[in-house]
Amino acid sequence: MTAVFVTSTGTDIGKTFVTAGLIRHFRNAGRAVNAIKPVVSGFSADAAAASDPGLLLAALGRPVTTEEIDRIAPWRYEPGVAPDLAAKLEGRVLDYSALIDFSQRAMTRNELLFIEGVGGVMVPLDERHTVIDWISRLRVPVIVVAGSYLGTISHTLTALHVLAQRNLSTIAVVVSETPGSPVPLDETVASISRFADMIDVIPLPRDEMKARAAFEVLAALL
């Protein structure tokens, strides 16, 4: 496996946390690894280090410079809304063909590549394309990141259904613990597992040591 797409059931769920954790795991194991986050909404140059591209660069052991951010995240928008609307608000249009070309070129290198999406699996990129269209063009396996909040079961199963309709391979669902959720993490994982059609469902607790164990389990599937 040379490339994996990390998507989710929504925004601010934990895609970057999962992607960065996997990067660190494989770097510690001595494996060549890289990551791109081509499309970013809510980006502020003044807070680049705390941005999604900044966190990925830190995990890769690279400096958080404008040049490095340009290399992994060329489509950046300041408004924290869906990319199609963010681009419109800035008087721009996301070039979908260029996005596909950028992603495919990144996949040609001899390393494990993580491609982190933007928002959820059905978030619009432009007037005609959503994130799932992007994944479908690349034909790479997928990790779905979900939360443990109330309502996540329906959101997660809907995302899995849409991916299956496109004949895309889902490696695993990672359920990232949502702080303050009234639903226990393990109960959420068990419920999703019952309907996930033999897909591995991995709990990701907020506890650092338990989180490392979760990344080991996830990494073993790649």
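When you count, for each residue, the other Cβ atoms within 10 Å and take the mean per peptide, how do 151-161, 52-62, 189-199 rank with the highest first?
My ranking of the peptides, most packed first, is 52-62, 151-161, 189-199.
Which of these values of Cα Rg over 2.2 N^0.38 Å was calculated from the structure shown: (1) 1.19; (2) 0.96; (3) 1.04? Recomputing Cα Rg over 2.2 N^0.38 Å here gives the entry labelled (2).
Simple point charges give the picture: +1 on the Cβ of Lys and Arg, -1 on the Cβ of Asp and Glu, and for segment 69-114 a dipole about the Cα centre of about 80 debye.
With all protein chains kept in place, the per residue accessible area of segment 172-213 amounts to 61 square angstrom at a probe of 1.4 angstrom. Average accessible surface for segment 6-152: 43 Å² per residue, computed with a 1.4 Å probe over protein heavy atoms with every protein chain in place.
I'd like the antiparallel share, as a percent to the nearest 5, of DSSP beta bridges with both residues in the chain.
Bridges in the chain are about 5 percent antiparallel.
The residue among Ser41, His161, Val140 whose Cα reaches farthest toward the positive pole of the charge dipole of the chain, with charges on the beta-carbon of Lys, Arg, Asp and Glu, is Val140. Of the solvent-accessible surface of the chain, computed with a 1.4 Å probe over protein heavy atoms with every protein chain present, carbon and sulfur atoms account for 51 percent. Among the GluC sites (Glu not before Pro) in segment 73-119, those placed in a DSSP loop whose Cβ has at most 16 other Cβ atoms within 10 Å are Glu90, Glu111.
Residue-wise HN-Hα couplings along segment 47-56, as the Karplus relation 6.51 cos²θ - 1.76 cosθ + 1.60 with θ = phi - 60° gives them from phi, are 10, 4, 5, 8, 6, 4, x, x, 5, 5 Hz; Gly and Pro carry x.
By its C-alpha gyration tensor, with a ≥ b ≥ c as the square roots of the eigenvalues, how is segment 117-162 shaped: rounded for a/c under 1.5, else prolate for a/b larger than b/c, else oblate? Note, shape of segment 117-162 comes out prolate.
The values are calculated or read from the model by the stated rules, or taken from the named source; none is laboratory data. As the structure is a prediction and not an experimental result, all values here were calculated from the model. Heads up, the Cβs are rebuilt from the backbone with ideal geometry, glycines too, and the neighbour counts pull from every protein chain shown. What goes into the accessible areas is simple: the full protein's heavy atoms, side chains included, and nothing from ligands, DNA or RNA. Shrake-Rupley method; radii C 1.70, N 1.55, O 1.52, S 1.80 Å.
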